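Novice: Got a structure for you, written out below as C-alpha cells; questions coming shortly.
The values are calculated or read from the model by the stated rules, or taken from the named source; none is laboratory data. Since we're looking at a predicted model, the values are computed, not measured. Cβ placement follows ideal geometry from the backbone for every residue including glycine, while neighbour counts extend to all protein chains displayed.
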Amino acid sequence: MSILVVEDLGVDRLVPVVLARLSSAVTCGALRLVDLLEWTGQVCYGLTRSHLQSIQRFDYPLLGDPRTATLKDRPKLVLSSRLVPSAATYRAIERWLGEPQSSGTRWLYDGNLEDAEVVGVLHPKETYEEILAIGRNYLVQSVPKGASRLGEADSVEAIKYPHDLIRQHMACLSSNLELLLTKGQYRQLQDGVFVGPDVSLASPIVLDPRLGPIVLERNVQVGPFSLLRGPLYLGAKCKVLEHASLKDGVCAGHTTKIGGEVEASIVEPYSNKQHHGFLGHSYVGSWVNLGAGTCTSDLKNTYGPISMEYPSGRFNTQMQFLGCFIGDYSKTAINTSIFTGKSIGVCSAMYGFVTSNVPSFTNYAKLFGQVATLPASVMQSTQQRMFSRRSVEQRPCDVELLYSLYELTRSEREGLGGMEES
C-alpha cells in the first residue's frame, strides 16, 4: 500500500512560496503535508517539479521517486501536494487508507462546490507507469464523467492561492497543535503551555494560552520581557529576543531568530526577524533576513478587503488582514516598509518602500530610482556565507537550484524595463 503526492498544475499559482521548496513542505498551522504522510507510516512517493527533484531526493527521503516504484503497481491513494496540512486532513487520510479495495475508485474534491478542484483519488485505476506518462495533470485527467465523490464528511481544503495559506494557517493552528502534542513528548509547564527538552525561558515573560496552546520545541530560548500569546509554535533552536511580542497565530520554524512584534505569521526555518519592527499576517520563506525596522502593513487605511496581484490578474482576497509573502533567500534593508498584499520573489533585496510586487533575483530600491537584476552568481556567494554561519554545507544541489530558479523566473524581470546586472 502506497501514497503518491503530486505537485499538480495548481502549484504554479502558489509562487513565490513554492519556487524553492516542495509544495508539500510548506508550513501551515505548524505542520507540513510531509509531516502528516510520515505519521501514516506508509510508503510514499512524490511527483515533483523537475527543478526540485534533487532537493526532494536529499532533503525529503520520505518521498521516493515514483520512477523507482514497481511501475505496474497502483498506489492506494493519490493526493495533491496542495492539501492543507491540518488535523482534519490527517484524520481524512487515515480514513481513506482504511477503505477496502472493494469500495472502488473515488475522487476527492476541494470542498463540495460544483466547480471544486480534484485534489485526490482513492484506489486509482492507473498504474504508476500510466500516472507518470500523464504527469502533473493526472488528478484532472483521471476523472471520468459522472465520477463518484468521496463523502461530504471527507472533503478537505486545498491551498489555491498564496493568501489561502494565511487564512488556513489561522483556521487550523490550534487544532494542529493539539494533534502535534499527541505525536511528541512535551512537558506541560502550565495550563496550555507545553515545552520540549532544554527550553530556556528568561524572567520576566508573559505566557498567555487563553486563545490557544503554546508549544515550544527543544532548545528554544526566550529572552526577558517577552510576550508569547497562543496559539503559538516555536521550532527547535528558535531564539526569541528580549522585549519581543509574539501574538496569536505565530509559527516560527527551527533555527530562527524572532524579535519585535509578530502576529499571525509563518516564518520558515533558518530565517531571521530579530530586530524591532512589525510582521503581520505574512509568510516568510527560509534563509530570509529582515533588517532592523522592517515593517509589513496588514491592514488598509479603508479597512476594506485586500487585493493581490497574481500572474492571472488582480484578486480580491476578501481578507481584511493580509501582509506579504517573501520567497526564500530574500532580504530587506533597515527600515524597509512593505505595503499590504505584496509578493516578493526568491533571492531579492528590498530597500525603502515596497509598493509593488518584487520579481525574483532583483535589487529593489524603487524609492531611489534603482531596480536591477541580482545575478545568480552573487546569490551563490551569499548562500555560501549564510550556510557557513549556520554550519550548513552548501551542496551542489543547492547551487544548482539557484541557477535553475534564476532561469525559471527570467520572465518576471523582463517586464521591468531598464534593468542592469548589478
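Novice: Taking the criterion of being within 21 Å of residue 236 (Cα to Cα), more than 15 Å from the chain's Cα centre (by Cα) and at pLDDT 95 or above, would at least one residue in region 17-37 satisfy it?
Specialist: Yes: region 17-37 contains one or more residues that are within 21 Å of residue 236 (Cα to Cα), more than 15 Å from the chain's Cα centre (by Cα) and at pLDDT 95 or above.
Novice: Looking at this structure, is residue 399 outside any helix (DSSP H, G or I) and among the aliphatic types (A, V, I, L, M)?
Specialist: Spelling it out, it is not the case that residue 399 is outside any helix (DSSP H, G or I) and among the aliphatic types (A, V, I, L, M).
Novice: Which residues, taken from region 1-19, are closer than 14 Å to residue 162 by Cβ and touching a residue at least 12 places away in the same chain (Cβ under 8 Å)?
Specialist: 10, 11, 13, 14, 15, 16, 17, 19
Novice: Go through region 59-107 and give me each residue that's farther than 28 Å from residue 14 by Cα, part of a loop (DSSP other than H, G, I, E, B) and out of contact with any strand residue (DSSP E or B) (no Cβ under 8 Å at 6 or more places or on another chain).
Specialist: 70, 71, 72, 74, 98, 100, 104
Novice: Quick one: which residue in 171, 158, 133 is farther than 24 Å from residue 26 by Cβ, of a type in the set (Gly, Ala, Ser) and modelled with pLDDT of 85 or more?
Specialist: On inspection, the qualifying residue turns out to be 133.
Novice: Would you mind telling me which numbered condition in (1) of a type outside the set (Lys, Arg); (2) closer than 23 Å to residue 31 by Cβ; (3) under 18 Å from the mean Cα position of the chain (by Cα) residue 345 fails?
Specialist: Single failed check for residue 345: (2).
Novice: Please verify whether residue 370 is modelled with pLDDT of 95 or more, surrounded by fewer than 24 Cβ atoms within 10 Å (Cβ to Cβ) and either more than 24 Å from the chain's Cα centre (by Cα) or over 20 Å from residue 301 (Cβ atoms) (or both), treating the condition exactly as stated.
Specialist: The answer is no for residue 370.
Novice: Under the condition of being out of contact with any strand residue (DSSP E or B) (no Cβ under 7 Å at 6 or more places or on another chain) and either outside the structural domain of residue 141 (by TED's automatic domain parsing) or surrounded by fewer than 17 Cβ atoms within 10 Å (Cβ to Cβ) (or both), which residue from region 41-58 is farthest from residue 404 (Cα to Cα)?
Specialist: Going residue by residue through region 41-58, those that are out of contact with any strand residue (DSSP E or B) (no Cβ under 7 Å at 6 or more places or on another chain) are 41, 48-55, 57-58.
With the extra rule that they be either outside the structural domain of residue 141 (by TED's automatic domain parsing) or surrounded by fewer than 17 Cβ atoms within 10 Å (Cβ to Cβ) (or both), the set shrinks to 41, 50-51, 53, 57-58.
Details: 41: 33, 50: 10, 51: 6, 53: 12, 57: 16, 58: 17 Å.
Of everything passing the filter in region 41-58, 41 is farthest from residue 404 (Cα to Cα).
Novice: Identify, please: which residue in region 194-218 is in contact (Cβ under 8 Å) with a residue 24 or more places away in the chain and out of contact with any Lys or Arg (no Cβ under 9 Å at 6 or more places or on another chain) and is, among those, nearest to residue 33 (Cα to Cα)? Even if it seems obvious, please write down each step before you answer.
Specialist: Initial filter on region 194-218 (in contact (Cβ under 8 Å) with a residue 24 or more places away in the chain): 195-196, 202, 211-213, 215, 217.
From the residues that got through so far, the ones that are out of contact with any Lys or Arg (no Cβ under 9 Å at 6 or more places or on another chain) too are 202, 213, 215.
Values: 202: 34, 213: 21, 215: 19 Å.
Looking at the filtered set, the residue picked out is 215.
Novice: Just one of (1) over 16 Å from residue 339 (Cα atoms); (2) among the charged types (D, E, K, R); (3) more than 18 Å from the chain's Cα centre (by Cα) trips up residue 300, so point out which.
Specialist: (1)
Novice: Look through region 319-347, keep the residues that are of a type in the set (A, V, I, L, M, F, W, C) and within 13 Å of residue 294 (Cβ to Cβ), and return whichever of them is surrounded by the most Cβ atoms within 10 Å (Cβ to Cβ). Explain how you work it out, then say what you get.
Specialist: To start, the set of residues in region 319-347 that are of a type in the set (A, V, I, L, M, F, W, C) comprises 319, 321-322, 324-326, 333-334, 338-339, 344, 346-347.
Imposing the further condition that a residue be within 13 Å of residue 294 (Cβ to Cβ) reduces the set to 324, 326, 333-334, 338-339, 344.
Values: 324: 27, 326: 32, 333: 17, 334: 12, 338: 24, 339: 16, 344: 27.
Restricting to residues being of a type in the set (A, V, I, L, M, F, W, C) and within 13 Å of residue 294 (Cβ to Cβ), the top hit is 326.
Novice: Out of all the residues in region 76-92, which are surrounded by 20 or more Cβ atoms within 10 Å (Cβ to Cβ), at pLDDT 95 or above and either under 22 Å from residue 143 (Cβ atoms) or among the aromatic types (Phe, Trp, Tyr) (or both)?
Specialist: Across region 76-92, the qualifying residues are 77, 78, 79, 80, 81, 82, 83, 84, 89, 90.
Novice: Going by what's in this entry, would residue 65 be described as in contact with a Phe, Trp or Tyr (Cβ under 8 Å, 6 or more places away or on another chain) and either of a type outside the set (Gly, Ala, Ser) or closer than 17 Å to residue 7 by Cα (or both)? Show your work before the answer.
Specialist: Details: in contact with a Phe, Trp or Tyr (Cβ under 8 Å, 6 or more places away or on another chain): yes; either of a type outside the set (Gly, Ala, Ser) or closer than 17 Å to residue 7 by Cα (or both): yes.
So residue 65 passes the test.
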